[in-house]
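Presented below is the structure to which this report refers.
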Amino acid sequence: MSRFLNSRYQSLEVYTPGEQPQDQVYTKLNTNESPYPASPRVVAAIGRKELEELRLYSDPDLKPLVSKLANAYGLSPAQVFVSNGSDDILNFAFMAFSGQPGRAAFPDITYGFYQVFADLHQVEATVIPLEADFSVDYRRYCGLQQMIVLANPNAQVGRALPRKAMEEIIASNPAHVVVVDEAYVDFGAESCAPLVGKYPNLLVVQTFSKSRSMAGARLGYALGDAALIADLNRIKYSTNPYNVNRLTMFAGIAALEDQAYYDENCKKIMATRAWTVEALEALGFTVIPSQANFVLAAHPSMDGETIYRVLKQRGILVRHFSTPRIANYNRITIGSDAQMALLVDTLRDVLGGTSR
Ligand SMILES: *Cc1c(COP(=O)(O)O)cnc(C)c1O
């Protein structure tokens with residue numbers, strides 16, 4: 001840290017992304033990427049012409065992409081915001097909607113970035129513990145009178161709340177924004193997108209990173225009341241109006257034109273998830289029920305950190321969090337059938353005589 005750094009950032013604890021090691025090829029089950037490639041339409045959307053046209057700035061309003069998204073959800077373009085990954089949007093939401101002085105509520109076990117954004121913007125966090133079974137009790141969020149940020153399905157855990165419960169939270173906090181982070185919604189949960197026209201305090205955030213196989217393209221979007229979207233644009237236009245690059249915009253449009261391909265991939269991932277859960281349980285693992293493209297799993301005879309380390313030695317990366325409540329677990333991304341079979345075989349071997 002230099003002596004020039006503003007004192008307000010000196011104690012900031014930064015977000016630690018999952019490892020992206022470049023030293024060897026790993027079976028990567030640690031950052032919830034899709035095992036399937038982007039749609040052939042996405043690949044075809046970027047050719048020589050688009051590359052040559054990188055000399056031009058991108059369209060700051062991203063009009064064609066915004067109207068495609070609006071059509072897909074039956075909303076107007078004024079209800080859609082697009083940005084450089086959903087992390088970018090969550091950052092803007094903490095900046096814009098947490099109040100003065102800032103306050104925001106979220107669970108103790110969830111996406112680690114919420115606490116980082118809270119710290120970054122000097123927002124006081126109301127951290128609400130998950131229940132013993134790692135579920136969110138929606139009643140704890142009703143009438144909180146502050147901004148609420150909920151990942152649904154919840155990050156790290158995979159459990160999801162039904163839309164009805166989310167609606168109770170949204171309806172009970174009319175004076176504050178409820179941000180619903182739906183990064184994993186396409187793997188079997190209920191989206192709050194259909195509630196957007198009904199509640200002016202609802203912001204639904206989604207991403208192309210997980211179900212649409214475009215993590216490296218950095219594309220996220222938010223659906224909400226036109227006034228909320230205008231607020232987000234106010235911040236975007238005060239920082240970096242061109243924050244979505246030209247190639248990513250073309251890729252995003254092409255992805256939306258091949259929804260059937262992504263629906264099929266999500267179905268495959270859900271089937272692989274069901275198979276993986278059965279296989280892990282047969283090895284003696286406790287697996288938290290998941291509606292996301294990952295599962296959180298612990299084994300009674302080997303601690304979570306050791307499992308993480310042994311798997312890494314054998315070329316398989318999973319995500320281990322040292323957060324006390326889940327330190328004995330690992331978060332395992334659902335990859336292809338072949339990747340999950342390799343994981344299960346490796347775990348069987350590693351656990352040897354210790355599994356039942
Ligand atoms: C992956 C993830 C994000 C980040 O998505 P990007 O669009 O890649 O920035 C946001 N929220 C949750 C809960 C995630 O798991």
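Here, each number is a calculation from the coordinates, and none is a lab measurement. Being a predicted model, the structure only gives us computed values, none of them experimental. When we count neighbours, we look across all protein chains shown, and the Cβ atoms used for this are built from the backbone with ideal geometry, even at glycine.
Largest GNM mean-square fluctuation among ALA96, ALA327, ALA160, using the chain with Cα springs under 10 Å: ALA327.
In a shell of Cβ-Cβ distance under 15 Å around THR333, excluding THR333 itself, what net charge do Lys and Arg (+1) and Asp and Glu (-1) give? Please list the in-between numbers first.
Working: positive: LYS28, LYS210, LYS268, ARG273, LYS312, ARG319, ARG331; negative: GLU19, GLU33, ASP186, ASP337.
Neighbourhood net charge equals +3.
GNM on the chain, alpha-carbon springs under 10 angstrom: the most fluctuating residue among THR110, THR346, THR306 is THR306. Each part gets one Cα centre, and for segment 100-135 versus segment 1-46 those centres are 21 Å apart. Counting other Cβ atoms within 10 Å as a rough exposure proxy, the listed residues CYS142, CYS266 run CYS142, CYS266 from fewest neighbours to most. Farthest toward the positive end of the dipole of the chain, out of GLY188, ILE332, ALA222, is the Cα of ALA222, where the dipole comes from beta carbon charges about the Cα centre. Dipole check for the chain: with +1 at the C-beta of Lys and Arg, -1 at the C-beta of Asp and Glu, and the Cα centre as origin, the magnitude is about 320 Debye.
Sum -39500 (n - 2.57) across every DSSP H segment of at least 4 residues in the chain, then divide by the residue count to get the 222 nm mean residue ellipticity, nearest 500.
Working: 11 runs with 123 residues, N = 356.
For the chain, the value works out to -10500 deg cm²/dmol.
Of the residues GLN79, ILE46, ASN240, the one whose Cα sits farthest towards the positive end of the charge dipole of segment 40-257 is ILE46 (charges of +1 on Lys and Arg Cβ, -1 on Asp and Glu Cβ, taken about the Cα centre).
When the Gaussian network model of the chain links Cα atoms closer than 10 Å, the mean-square fluctuations of ARG159, ARG273, ARG314 top out at ARG314.
Find out how many positive minus negative residues lie around ASN201, taking Lys and Arg as positive, Asp and Glu as negative, among other residues whose Cβ is under 14 Å from that of ASN201.
My count for the surroundings of ASN201 gives -3.
A dipole drawn for segment 40-257 from +1 and -1 charges on Cβ atoms has a positive end, and of GLY158, ASN91, TYR57 the residue lying farthest that way is TYR57.
Which order results if ARG325, ARG3 are arranged by neighbouring Cβ count within 10 Å, fewest first?
Values: ARG325 14, ARG3 5.
Listing ARG325, ARG3 from fewest to most nearby Cβ atoms yields ARG3, ARG325.
As a proxy for reagent exposure, ranking GLU264, GLU168 by other Cβ atoms within 10 Å from fewest up yields GLU264, GLU168. Note on the chain: antiparallel DSSP beta bridges, both residues inside, total approximately 50 percent of the bridges counted.
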